[in-house]
Every structure is written in C-alpha cells, then in structure tokens.
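The values are calculated or read from the model by the stated rules, or taken from the named source; none is laboratory data. Computed from a predicted structure; not experimentally measured. Glycine also receives a Cβ, built like all others from the backbone with ideal geometry; neighbour counts cover every protein chain displayed. SASA here: full protein model, heavy atoms, side chains in, ligands and nucleic acids out. Shrake-Rupley method; radii C 1.70, N 1.55, O 1.52, S 1.80 Å.
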Amino acid sequence: MKIIMLGAPGAGKGTQAKKIAEKYQIPHISTGDIFRANIKGGTELGMKAKAFMDQGQLVPDEITIGMLMDRIKEDDCKNGYVLDGFPRTIPQAESLTKALADLGDKIDYAINVDVPDEAIVTRMSGRRACLKCGATYHIKYNAPKTEGICDTCGEKLVLRDDDKPETVQKRLTVYHEQTQPLIDYYKNEGCLAEVDGTKDLDVVFQDIVAILGE
Ligand code: ADP
Ligand code: ADP
Ligand code: ZN
C-alpha cells in the first residue's frame, strides 16, 4: 500500500503516519526527518536545507525530489510506504506520479488531515520533537511518560527551531500557496480521502483505518 499524508504543518501527519506504518507494516518516510537527520549529521545536504527550513520556506524541488526518489528505491519500500511531508509542491507530485507510472504503479491513498489555521498555532507551540527517532509529542494532548524525554528511545525532546509562532505563520502561508493545491491534484487522480484532524488523535486514526481497511 502506497500512502501520502497531506495537510498543513502541525495537522498531525507525522503522528498518524507513525501509527499507519506500525499497523500496516510499511516504512514511514518523512522528508522533514531526513532533512533534520542531515542537519544533525552536518552533511552538505543538511546545510543547504537548513537555510530554507529556518526561514519557514520549502527546500527547493531540485534537492527534495532526488532525495525522496532515492529513498523509495530502497528495499524496505517494496510493499509500499507512507509518505509524510512529500509531495509539497505540484512539481513534486508530478515527479512522483511519473516515477510510479514508469513502473506501472500508483499511489493508493492521499489522506488529507484537515485542521484550520487557528488550531495549528496552539498545536505547534506545544509540540516537542525527538530528533533521534522522529517521534513527536504534545505537552498537553500527547505528553511523553517522562517530561522532556522520548518514550521510544530516551532522547531529550526539543522545541523545533521552526516551531516558533513567527515561523509557523510563514509556513502556513507557504502551505496555502504551494501545498494546498495538491488536494485538488489528488482528487483528480481519484485517490483523495479526507479526515477531520481536529478530533482526538485516536479517533483520527480510527477514521483513517476505516478508509484503508483493517
Ligand atoms: P511539519 O511536519 O511540521 O509539516 P516537516 O518536518 O514535514 O514539518 O518539514 C519541516 C521543513 O522541512 C519544512 O518547513 C520544509 O522547509 C522542509 N521540507 C520537508 N519536506 C519538504 C518537501 N517535500 N519539500 C520541500 N521542503 C520540505
Ligand atoms: P505534522 O506532522 O502534520 O506537522 P504532528 O504529527 O507533528 O504534525 O503534530 C503536530 C502537534 O500536534 C504535535 O505536538 C502532536 O502531538 C499534536 N497532535 C497531533 N494530532 C493531534 C490531535 N488529533 N489532537 C491534538 N493534538 C494533536
Ligand atoms: Zn525518540
């Protein structure tokens, strides 16, 4: 099964993608996590990406598309994957559609997690991230067992540099301009599904399972 998560920054794509990956035994591929791992590792790709990410801008397609295409060619992607944070632009979506079509393949579901902008800013200020394993928490809605520590790997949790309110506003503007058009793109492709992301996170997951099947 090949799945794409659509939705604004902070809509809950990562949270749901992790649950999907676990239930359906497919890899969770987050382009944001790949960039952050590169920044942490001090690679050239990481340094290039950081300059854009810190401004709340998208990393250019020339960098992002190649990186994602390499990732989905890896062995663990044979039975599918859940993409979180890719595609984010029409050219990214078109590249993915074409690469899959060349293999006689396609995306099965593009799930749009719908959350209005007002709710996003509160969510982001309470988000805490594990930069080691990619887990995300919320100080109120999804707190870790021990404050400030990742349940899964024990790493210290951080408030991401780009989760400050000013940068979140910028990311929302970029989302509406460049990413929201993908909802219509996947509607036309015939694989769009929508869930109400303002519900409790377990309810959102149940709604997703109802779409994907048990
Ligand atoms: P969020 O989960 O809050 O939406 P991500 O971790 O997905 O954030 O992305 C963080 C940042 O990484 C983005 O603001 C952007 O700068 C960069 N990024 C991630 N995925 C992409 C992509 N597909 N295209 C361009 N930039 C990306
Ligand atoms: P995205 O990957 O779309 O940027 P995340 O999955 O990281 O979003 O979620 C953003 C923040 O909101 C995190 O702190 C997360 O714990 C919290 N969150 C996710 N889903 C919900 C929900 N349904 N209700 C309340 N908070 C949520
Ligand atoms: Zn962790």
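Side notes on the structure shown:
- Residue-normalised accessible area of the stretch 1-71, expressed per residue, 1.4 Å probe, Å²: 42 Å²
- Distance between the pseudo-spin-label points of I211 and K199 (7 Å out from Cα toward the beta carbon): 1.1 nm.
- Enclosing the Cα atoms of the stretch 1-156 in their convex hull gives a volume equal to 124 cubic angstrom per residue.
- Based on C-alpha pairs under 8 angstrom that are at least 6 apart in sequence, the stretch 1-90 has a relative contact order of 50 percent.
- A Cβ-based charge dipole, computed about the Cα centre of the chain with Lys and Arg at +1 and Asp and Glu at -1, lands at about 600 debye.
- The residues of the stretch 126-214 expose, per residue, 58 Å² of accessible area to a 1.4 Å probe.
- A dipole drawn for the stretch 114-214 from +1 and -1 charges on Cβ atoms has a positive end, and of Y186, Y141, L201 the residue lying farthest that way is Y141.
- Linear extension gain, A99 paired with D70, 0.36 nm per residue minus alpha-carbon span: 9.3 nm
- Simple spin-label estimate for V158 and C191 in nanometres, 7 Å along Cα-Cβ: 3.3 nm
- If you take the Cα centroid of the stretch 73-98 and the Cα centroid of the stretch 109-148, the two points sit 23 Å apart.
- Highest-first arrangement of 71-80, 30-39, 12-21, 178-187, where packing means the average Cβ count within 10 Å: 12-21, 30-39, 178-187, 71-80
- Structure-based [θ]222 nm, the chain - -39500 (n - 2.57) summed over DSSP H runs of at least 4, per residue, nearest 500: -13500 deg cm²/dmol
- The relative contact order of the chain, computed from alpha carbon pairs under 8 Å that lie at least 6 residues apart in sequence, is 30 percent.
- Ligands, DNA and RNA left out, the accessible area of the chain computed with a 1.4 Å probe is 51% carbon and sulfur.
- Equivalent ellipsoid of the stretch 103-173: semi-axes from √(5λ) of the C-alpha gyration tensor, largest first, are 25, 20, 12 Å.
- Over the stretch 131-214, the fraction of Cα-Cα pairs per 5 Å bin, rounded to whole percents and listed from the shortest bin up, is 3, 11, 13, 15, 20, 20, 13, 5, 1.
- Among beta bridges from DSSP that stay inside the chain, the antiparallel ones total about 25%.
- Annotation: amide H of R128 within the under-5 Å range of Y137, H138, I139, sequence separation 5 or more or interchain, hydrogens built in the peptide plane.
- Length gained when the stretch A37-T146 is fully extended (0.36 nm per residue, less Cα-Cα span): 36.9 nm
- Converting phi to 3J(HN,Hα) with the Karplus coefficients 6.51, -1.76 and 1.60 and the offset θ = phi - 60°, the stretch 141-156 yields 8, 7, 6, x, 4, 10, 3, x, 10, 5, 4, 6, 10, x, 6, 6 Hz in sequence order, with x at every glycine or proline.
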